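The values are calculated or read from the model by the stated rules, or taken from the named source; none is laboratory data. Predicted model only: the values in this text are computed from it and were never measured. We place every Cβ from the backbone using ideal geometry, glycine too, and count neighbours over all the protein chains shown.
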Amino acid sequence: MWGFRRNSRITSHDTDGSGDVDHGKRQPFIFISYRREDTSTDALWLGETLSLTFGPTSVFIDSTAIQIGSEWPDELDSALRKATVLIAMIGPSWLHAADEYARRRLDNEDDWVRREIMFGLNNKLIVIPLLVKHAHLPSGIGLPNAIATLVNHQVYELRTEHYEHDLTLLLSRLESLGFKSVGPQVSYPRPHVWPKELSEDQLGQALKRLPNWALIRSTLPDNPSQKRTELMRNFEFHSFEDAIDFMAVAARYISDINHHPRWENLWRTVTVYLTTWDIGHKPSRYDLELAEYLETLFANYRKLGEL
């Protein structure tokens, strides 16, 4: 969160649960609580994702929602009173973060992260402890008494290696709490052929030939009741330009064969997910053929760390 100290405006009658928060009249609204030195990047990514999914007026994160020149303590107070859900982001240093005098911040009654969580617990918000970077939820004895009941709430985790799957579960949970997706629905191409689903044995043999690919399973973002199975691979390039060129070259081949991947680029990394929509989002021989093509194409590029 902010690098300077916040002067708390939340009064005692708010944090003991007797404030004037009216749950019955509020629209679904998410308050993201985080500590800047612990999970700032993860919090920004989550805030952006939730804003894109449910609309920017449904989410508050202090680094983007507070305008320059605003009275930020008032903005935080207002957002907390408006919130129906508080997501408490917990990273590896969340529990032991200390001030310049080596005093644990959570033990300070004026620590804003502590007060945000205390407000959520005492005013009966839906409080979701969200673990990132392989952090663990501390036991109640490790927390100040004022927020010790945080451990009684259902924990979610965003694992780096299963980020999209875990994020989908979190979004599904939020939808069950009344949040409505504002994003466009995906329109899949009409099938021209009906390939057969690969058996478990065929998939196992394929992964031996493609050792850099992994089989992952997750729920569909636009239909959480439906599962999908995908082949997934991260391609690491020497430069961002190489990563984009790889996608551009592959796109021409992909258009020709009319079998499209789900993929994304983050700096020098291209992540590819392969499945066949026409047979219920399960791998077919077309996914194996595309995976083999991408491997051959990738061999033409310099890898991360190569001169």
- Note on the structure: Reported set for the range 243-260 where residues are surrounded by 13 or more Cβ atoms within 10 Å (Cβ to Cβ) and among the charged types (D, E, K, R) is ASP245
- Within the range 78-98, how many residues are β-branched (Val, Ile, Thr) and either free of Cβ contacts under 8 Å to residues at least 24 places away in the same chain or not assigned by TED's automatic domain parsing to the domain that holds THR57 (or both)? 0
- Message: Being basic (Lys, Arg) and closer than 16 Å to LEU215 by Cα is true for just one of ARG285, ARG302. Which residue is that?
- Response: ARG285
- Task: Answer yes if at least one residue in the range 215-226 is in contact with a Lys or Arg (Cβ under 8 Å, 6 or more places away or on another chain), more than 14 Å from GLU164 (Cα to Cα) and of a type outside the set (Gly, Ala, Ser), and no otherwise.
- Result: no
- Message: Which condition from (1) in contact with a helix residue (DSSP H, G or I) (Cβ under 6 Å, 6 or more places away or on another chain); (2) not in a strand (DSSP E or B) is the one that GLU292 breaks?
- Response: (1)
- Message: Among the listed residues ASP16, ASP42, identify the single one that is crowded, with 17+ Cβ neighbours inside 10 Å and either farther than 16 Å from LEU177 by Cβ or at pLDDT 90 or above (or both).
- Response: ASP42
- Query: Can we say LEU131 is in contact with a Phe, Trp or Tyr (Cβ under 9 Å, 6 or more places away or on another chain), part of a strand (DSSP E or B), of a type outside the set (Val, Ile, Thr) and assigned by TED's automatic domain parsing to the domain that holds LEU50?
  - Reply: yes
- Message: Filter the range 204-234 down to the residues that are touching a Leu at 6+ places or on another chain (Cβ under 7 Å), farther than 30 Å from ARG173 by Cα and surrounded by fewer than 18 Cβ atoms within 10 Å (Cβ to Cβ) and list them by number.
- Response: LEU207
- Note on the structure: Residues in the range 254-276 that are in contact (Cβ under 8 Å) with a residue 24 or more places away in the chain, out of contact with any strand residue (DSSP E or B) (no Cβ under 9 Å at 6 or more places or on another chain) and not in a loop (DSSP other than H, G, I, E, B) total 2
- Working only within the range 115-170, note down all residues that are within 10 Å of the chain's Cα centre (by Cα) and either at positive phi or of a type in the set (Lys, Arg) (or both). ARG159
- Message: Can you pull out every residue in the range 198-238 that is aliphatic (A, V, I, L, M) and assigned to a strand (DSSP E or B)?
- Response: ALA214, LEU215, ILE216, LEU220, LEU231, MET232
- Task: Look at the range 99-115 and say how many of its residues are of a type in the set (A, V, I, L, M), surrounded by 13 or more Cβ atoms within 10 Å (Cβ to Cβ) and free of Cβ contacts under 8 Å to residues at least 12 places away in the same chain.
- Result: 0
- Query: Are any residues in the range 165-199 modelled with pLDDT under 60 and of a type outside the set (Val, Ile, Thr), and if so, which ones?
  - Reply: GLN185, SER187, TYR188, PRO189, ARG190, PRO191, HIS192
